[in-house]
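Structure, as structure tokens:
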Amino acid sequence: MTQSAKLRHRIASLLAVGLRKATDGSDPSPTTGAREVYYLYVDKDRSGLILKAADQRALEREHRPRLVAADLRGRRLRRVTLSDLRALTVLRDIEDEEFLRELHGAVADFIPIRNSTDAPYWGVLSYRAARPDIDVRDFPLSTVSAAIKRNVKVGVSYSDSQEPSVSCSIDDYIGVGGSILDEADLRLISFWQSGRMARNAGAPPGQKLKENSLRSLAYARAAEKMVIGYYQQLGTYSVRDVSIEQVGSGDHLWKSGDVEVDGALLDVKNALSYRARVRHVYVPKFKRDRNQDVAIAGVITRITKKDSSEKAQQIFLGTVTMAKLATVRRAINSLAGRTQEVAIEFHDNSLPPWVFEIEEAAIDYETLLDWSLIFALQPTTTLAIAIACGRERTTATYHQLNLGQREAVDLLADATRTAGYSKATIGLFAISEFIARCVRGEDAAAFIRLLRKLLVMEDFEKDHLVKDISSETGFRDEDLKYEIRIKLEGSSSGGLVDPVGSLDALLKLLGQCAEGIQRSGIRFVHFDVPHPYIMLGKAESDAMLTIFAYCGGRLGSGAPCNNFPLVIAQHPNCDECGKLICDHCDFCSERCPRYHSNQEDEEHLLPRRGIGDAPPRKINFQLKQRRLACDDGLPSARPRIKPRSDF
């Protein structure tokens, strides 16, 4: 046997861990030890790569798109695909004695640390060690998620004075919970209620009005305490309840904000939602304190059951400042290829959920990308992460896109580098690019499909419930998708925390609008977006048509309808005013002759309703909608559109 052959045999013996004698001289178990087998390959740069035999079998059977190897020279992990594997040199083909001795030493150094879950190999190639956890967020998402959602229950009762009083408690629907409001909170709510009733001019308010007012104020105070509890639960912030100081304090800081976190004021705004598909309203104006913007902390309260004791879910959306939104708007409007500026204004009760950010759950995208380049199973995941940290051109997926797709990626990356990676940046970019492509007569629907894919990140925690180590064999489960636990859940919003799915909803809305414009055959030359819930388009014929909007009408009870979204081609454009007709209340615009004519007709058919009355029968507008749709050149039925891949 030649010296080279002896060296290869010695290396192979090291790699077949279970076939060697144990350190105490006893024989290894023939049923388990022999399964710890590794292979050694060499790349074109003469670097030795060790991989698990079990992983190679899975790769060759196409059970997974890649395996992970230990790079002995670089002392790091390497991603290896099937094509990469076929380009490597196997151990038996190496004849260089000096190089074989070098490889033998490197393998001998690797084997004793193969089960260590520390750097440089993190136990990835272990057959027996549990996988390590890799955190990529400032605070674990599990901690954040537990603090940004809760179920609450609000009740109203009466004392001997016949004046209503309110209570609010945590409600987990299994009878466990506790009161949210203490005596000081109730005094504050009473103070608010007195001021509200005093401003109610005219006849004295009725009991129903008082009850509803108390409930809304209880939800508002519960929202403030939720924000306070959120920052306290994270444990690293100094938190001050400013709002409670309205009663019995000479400090007037409460006029500028409700909560102070590490010296920065937050103005907590709560949006009550009694129905699905309605827009969210937060704040009429941004405040300033000591020459700085006061951040808005947004909370949604969704009423899930309305009876004598209301049940609701409260969700903390995060914070936002006017300065941040102005920076985003400037960055988007300065991008190349803009056909017009997006003059969207984030005030006058028009803050959508996608402008808020949970900063405390921010991802370290640089670190995540380094792990993703090794472990990701979906190539679009790596590209999405790379866009977030400005390294999109370093990924193979970027260079596999066509020219138009790469241009879209470059624009998003440019906006991100200027304004930061946030839902607000992505949302405004989507609106701006949608407008630009529609004005140029391009396929805006294809762009929206692409953008949605650019925000998808795979679920690295998908198999976190699977036991790493089998209790029967003592070996790691070979069916695990990932060799390491990266703490990143699946996301359709680029990893950004979006507890109500607002960004995905916006992109879905723009996609529906793009498809509706395509079906209509109408060419638009200009768009107006006065705020996030309305988009108007000027056609070549100079007609102004609504692309999407919320309903500005009122229900039979007199409450605002707020139905959202109304979408071109899904809802008919009125042939009188060009606005979309609501399918809930038939409203299009306040001064439209068609709407007032229908209202006069209904006066003879339906009784007037008061609060608490049963809803009116649903009026069938099908024939009217078909006539209006034909008049506007829009189809009366929405054809099924088969989606196509953008990669």
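The values are calculated or read from the model by the stated rules, or taken from the named source; none is laboratory data. Everything numeric here is computed off the predicted structure, so don't read it as measured data. Ideal geometry is used to build each Cβ from the backbone, glycine not excepted, and the neighbour counts take in all protein chains shown. We work out accessible area using only protein heavy atoms, side chains counted, and drop any ligands, DNA or RNA first. Shrake-Rupley method; radii C 1.70, N 1.55, O 1.52, S 1.80 Å.
Heavy-atom accessible surface of the range 480-612, averaged per residue, reaches 41 Å², computed with a 1.4 Å probe. Using the Karplus relation 6.51 cos²θ - 1.76 cosθ + 1.60 with θ = phi - 60°, the per-residue 3J(HN,Hα) values for the range 413-426 come to 5, 4, 4, 5, 5, 8, 9, x, 8, 8, 5, 5, 4, 5 Hz, with x marking Gly and Pro.
Find, among the GluC sites (Glu not before Pro) in the range 324-374, those assigned to loop by DSSP (not H, G, I, E, B) with at most 16 other beta-carbon atoms within 10 angstrom. For GluC sites (Glu not before Pro) across the range 324-374 that sit outside H, G, I, E and B with at most 16 neighbouring Cβ atoms in 10 Å, the list reads E341, E345. The length gained on full extension between R73 and D45, counted as 0.36 nm times the residue separation minus their Cα-Cα distance, comes to 9.1 nm.
Using the per-residue mean of other Cβ atoms lying within 10 Å as a proxy for protection, in what order, highest first, do the peptides 133-142, 214-223 fall?
In descending order of packing, they fall as 214-223, 133-142.
Using a Förster radius of 56 Å, what is the FRET efficiency between F191 and V525 based on their Cβ-Cβ separation? Nearest 0.05, please. That gives a FRET efficiency of 0.55.
Our estimate of slack between D364 and S145, defined as 0.36 nm per intervening residue step minus the Cα-Cα distance, is 77.0 nm. Here the range 395-454 is treated as a Stokes sphere of Kirkwood radius computed over C-alpha pairs; at 10 °C and 1.306 mPa s its diffusion coefficient rounds to 133 µm²/s.
At a probe radius of 1.4 angstrom, the accessible area of the range 331-441 per residue rounds to 34 square angstrom. Pull out a ≥ b ≥ c, the square roots of the eigenvalues of the alpha-carbon gyration tensor of the range 306-388, then state rounded if a/c is under 1.5, prolate if not and a/b is larger than b/c, and oblate in the remaining case. Since a/c reaches 1.5 but b/c is at least a/b, the shape of the range 306-388 is classed as oblate. Take the cross-link list K305/K579; K269/K462; K269/K305; K269/K453 and give me the ones stretching past 25 Å between alpha-carbons. Going by Cα-Cα distance, K305/K579; K269/K462; K269/K453 fall outside the 25 Å limit. In a fully extended conformation the segment linking N402 and A58 would gain 120.7 nm over its present Cα-Cα distance, using 0.36 nm per residue. Charge tally around L88: other residues with Cβ under 9 Å, Lys/Arg +1 each, Asp/Glu -1 each, net 0. Put simply, the amide H of D267, placed in the peptide plane, has neighbours under 5 Å in D258, A295, I296, A297, leaving out anything fewer than 5 places away on its chain.
If R0 equals 41 Å, the separation of the Cβ atoms of D96 and D262 corresponds to a calculated FRET efficiency of about 0.10.
Could you tell me whether the range 319-453 comes out rounded, prolate or oblate from its Cα gyration tensor? Rule is a ≥ b ≥ c as square roots of the eigenvalues, rounded for a/c under 1.5, then prolate if a/b exceeds b/c, otherwise oblate.
Cα axes put the range 319-453 in the oblate bin.
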